[in-house]
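The structure appears right after this line, and notes come after that.
The values are calculated or read from the model by the stated rules, or taken from the named source; none is laboratory data. This one's a predicted model, so the numbers in the text were calculated from it and none came from an experiment. Backbone-built Cβ (ideal geometry, glycine too); neighbour counts: all protein chains shown.
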Amino acid sequence: MSEKKWPETWQEVNPGCMVFRPGSASEYHTGSWRAKRPIWDNAKCIKCGVCYIFCPEGCITEDADGFFAANFDYCKGCGICAHECWPKAIVMVNEED
Amino acid sequence: MGKRIGMEIALAAAEAAALCRPDVIAAYPITPNTHIPEHLSDIVAEGRLDAEYICVESEHSAISACCGASGTGARTFTATSSQGLLFMQEVLPIVSSLRLPVVMVIGNRAVSGPINIWNDHSDIMYQRDTGWVSLFVANGQETVDMVIQAFKIGEHRDVMLPVNINIDGFQLTHVVEPIFMPDQEEVDRFLPTYKPFAQLHPDKPMTMGALGLPEIFNEAMRAKDEAILRSKKVVLDVWKEWEKQFGRKYEPIESYKTEGAETLLMTMGSMGETAEIAIDELRKDGFPVGLLKIKLWRPFPFEEFRKAVKGAKCLAVMDRAVSFGGPGGPVFAEIRSALYDEPKKPKMLNFIIGLGGRDVQVEDFIKMAKKTASTKKLKPEDAYEIYGARE
């Protein structure tokens, strides 16, 4: 049986809404909030990692070649990475486009 | 039974808190606070109590530190008053929502402005709906007793809620009264070691204070409401246990000479003691009057209250706070609502008294009682009056 996403009834709510399973927040995909997504142009990227440092979601990771990318399960499209990127290697594009 | 000693009530409250062996005390110890945190810091500094005393930089931090400490499973205590309590407000509903049994003494004082640090109940009334169990004391002995009871009530598995004990600022906090101070052995026998439901610990990760989406918030609030409603039984049980061990009886609504009373006065806090003298004098003159004193404010003891007013023709509710532009003082609004569906209910008047430390004397209670008994028909604009305001 798969675990419930949230308690069905008030009686099932843990006291204080305590959560006893660590890391369960990762099951909630905030990526669905996104209106714009960051796109990296690796030709302009200087591999400084500023995008990785500033990402408030911590969803940007470095690949084996030293380039960066966002995990779209969690990226909310806030655009901070694009704003902070010195060589302007990140652009925000509309999700529908 | 300990010795009966003369003691400033704020210091007695601190001594009582120390007897409960708290692990963490966090407080902002300057005005509008009382001597409670100051004396507790002395007790810790003298080595009489092995506790972490955190002298924080604000009341917001005081309650936040208590919240965090309680989350780790520590028995936690704080005290504040007036603006300090208002500064805590943001955190107060979080403590109760996390079901953490922090105990706090509130030395009730007016909320500015004009700037005023004297006694009334406006500070706690702003915090009425934060989900804390709320007790009101009438004197120094009740202060000591209820501080000790509060830990037992809050920490009970059927409750797991923070508890505040309301003691009138100045009228009680700064007054010396003779008090029976229980000894350590007696308190240890009454109050077992705190066994928390859950503890924040790196070895066993868990989350307190997670996001509650709309899909769960209703249910979370319902569960919290149930918890405080259910706490009444525990309050009553703890009071019974207290009576058995210490011989002093506590009731949610205490009655004074209500036998055959046609007119009832209702007070909360220390003014009940002044009202008692007024009742004695009125009774001497053959005036059938009695007094009800609210000890348990949250959860409100509806059942006990309806029973207590049964048969009375008039009821005068004394409030110590104003609900500006509202239906009367906060206590009155609840009392009237509690009796709305009763087929036979007393005529109800509301006197808002003793704001910002204004003295209310025996003669005032006599006047209010007589006015209540003689008022024939109430017009809507007579619902409440700010008693004694000069015209």
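Remarks
- Looking only at residues in segment B:197-215 that are more than 19 Å from residue B:159 (Cβ to Cβ), in a loop (DSSP other than H, G, I, E, B) and touching a residue at least 60 places away in the same chain (Cβ under 8 Å), the one that is nearest to the chain's Cα centre (by Cα) is B:209.
- Test: residue in segment A:62-85 that is within 14 Å of another protein chain (Cβ to nearest Cβ), surrounded by 15 or more Cβ atoms within 10 Å (Cβ to Cβ) and touching a strand residue (DSSP E or B) at 6+ places or on another chain (Cβ under 9 Å): no
- Condition check for residue B:313: of a type outside the set (Ser, Thr, Tyr), touching a residue at least 24 places away in the same chain (Cβ under 8 Å) and under 30 Å from residue B:176 (Cα atoms): no
Yes or no, residue by residue, for (1) touching a Ser or Thr at 6+ places or on another chain (Cβ under 7 Å); (2) modelled with pLDDT of 95 or more; (3) of a type in the set (Asp, Glu); (4) not assigned by TED's automatic domain parsing to the domain that holds residue B:33:
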{"position": "B:146", "(1), (2), (3), (4)": "no, yes, no, no"}
{"position": "B:163", "(1), (2), (3), (4)": "no, yes, no, no"}
{"position": "B:168", "(1), (2), (3), (4)": "yes, yes, yes, no"}
{"position": "B:189", "(1), (2), (3), (4)": "no, yes, no, no"}
{"position": "B:208", "(1), (2), (3), (4)": "no, yes, no, yes"}
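- Checking each residue in segment B:217-262 for being among the basic types (Lys, Arg), touching a residue at least 12 places away in the same chain (Cβ under 8 Å) and within 14 Å of chain A (Cβ to nearest Cβ) picks out B:224, B:230.
- Qualifying residue in segment B:334-344 (condition: part of a helix (DSSP H, G or I), without any contact (Cβ under 8 Å) to a residue 12 or more places away in the chain and assigned by TED's automatic domain parsing to the domain that holds residue B:260): yes
- Flag for residue B:262 being in contact with a Cys (Cβ under 9 Å, 6 or more places away or on another chain) and either of a type in the set (Phe, Trp, Tyr) or surrounded by fewer than 17 Cβ atoms within 10 Å (Cβ to Cβ) (or both): yes
- Candidates A:40, A:10, A:6, A:33 - the one that is within 14 Å of chain B (Cβ to nearest Cβ) and modelled with pLDDT of 95 or more: A:10
- The strands (runs of 3 or more DSSP E) found entirely in segment B:1-74 that carry 2 or more residues being within 28 Å of residue B:138 (Cα to Cα) and modelled with pLDDT of 95 or more are B:4-8, B:24-27.
- Any hit, segment B:73-88, residues being surrounded by fewer than 20 Cβ atoms within 10 Å (Cβ to Cβ), without any contact (Cβ under 8 Å) to a residue 40 or more places away in the chain and in the same structural domain as residue B:181 (by TED's automatic domain parsing): yes
- Evaluating residue B:189 against the criteria (1) surrounded by fewer than 13 Cβ atoms within 10 Å (Cβ to Cβ); (2) within 14 Å of chain A (Cβ to nearest Cβ) leaves one unmet condition, (2).
- Condition met for residue A:90 (over 30 Å from residue A:7 (Cβ atoms), exposed (fewer than 14 other Cβ atoms within 10 Å of the Cβ) and aliphatic (A, V, I, L, M)): no
- Test: residue in segment B:215-230 that is under 21 Å from residue B:338 (Cβ atoms), among the aliphatic types (A, V, I, L, M) and touching a helix residue (DSSP H, G or I) at 6+ places or on another chain (Cβ under 6 Å): no
- Residue A:22 being in contact with a Ser or Thr (Cβ under 8 Å, 6 or more places away or on another chain) and of a type outside the set (Phe, Trp, Tyr): yes
Here is a yes/no grid of residues against (1) modelled with pLDDT under 95; (2) of a type in the set (Ser, Thr, Tyr); (3) surrounded by fewer than 22 Cβ atoms within 10 Å (Cβ to Cβ); (4) within 19 Å of residue B:263 (Cβ to Cβ):
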site: B:331; (1), (2), (3), (4): no, no, no, yes
site: B:346; (1), (2), (3), (4): no, no, yes, yes
site: B:355; (1), (2), (3), (4): no, no, no, no
site: B:358; (1), (2), (3), (4): no, no, yes, no
site: B:361; (1), (2), (3), (4): no, no, yes, yes
site: B:364; (1), (2), (3), (4): no, no, yes, yes
site: B:368; (1), (2), (3), (4): no, no, no, yes
site: B:380; (1), (2), (3), (4): yes, no, yes, no
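- Filter result (closer than 16 Å to residue B:7 by Cα, small (Gly, Ala, Ser) and buried (at least 24 other Cβ atoms within 10 Å of the Cβ)) within segment B:17-45: B:17
- Of all positions in segment B:177-186, none carries a residue that is among the acidic types (Asp, Glu) and surrounded by 18 or more Cβ atoms within 10 Å (Cβ to Cβ).
- Residue B:18 without any contact (Cβ under 8 Å) to a residue 60 or more places away in the chain and closer than 18 Å to residue B:194 by Cα: yes
- Residue in segment B:366-386 that is touching a Gly at 6+ places or on another chain (Cβ under 8 Å), in a loop (DSSP other than H, G, I, E, B) and farther than 22 Å from residue B:168 by Cα present: yes
- Any helices (runs of 4 or more DSSP H) falling wholly within segment B:84-196 and containing at least 3 residues that are over 13 Å from the mean Cα position of the chain (by Cα): B:92-97, B:140-155, B:184-190
- Of the residues A:48, A:55, the single one that is away from every other protein chain (no Cβ under 14 Å), of a type outside the set (Ser, Thr, Tyr), surrounded by 11 or more Cβ atoms within 10 Å (Cβ to Cβ) and touching a helix residue (DSSP H, G or I) at 6+ places or on another chain (Cβ under 6 Å) is A:55.
- Within the span defined as segment B:270-279, one or more residues are under 30 Å from residue B:175 (Cα atoms) and among the charged types (D, E, K, R).
- Counting only strands (runs of 3 or more DSSP E) that sit wholly inside segment B:216-315, those with at least 1 residues that are farther than 30 Å from residue B:180 by Cβ are B:263-268, B:289-294.
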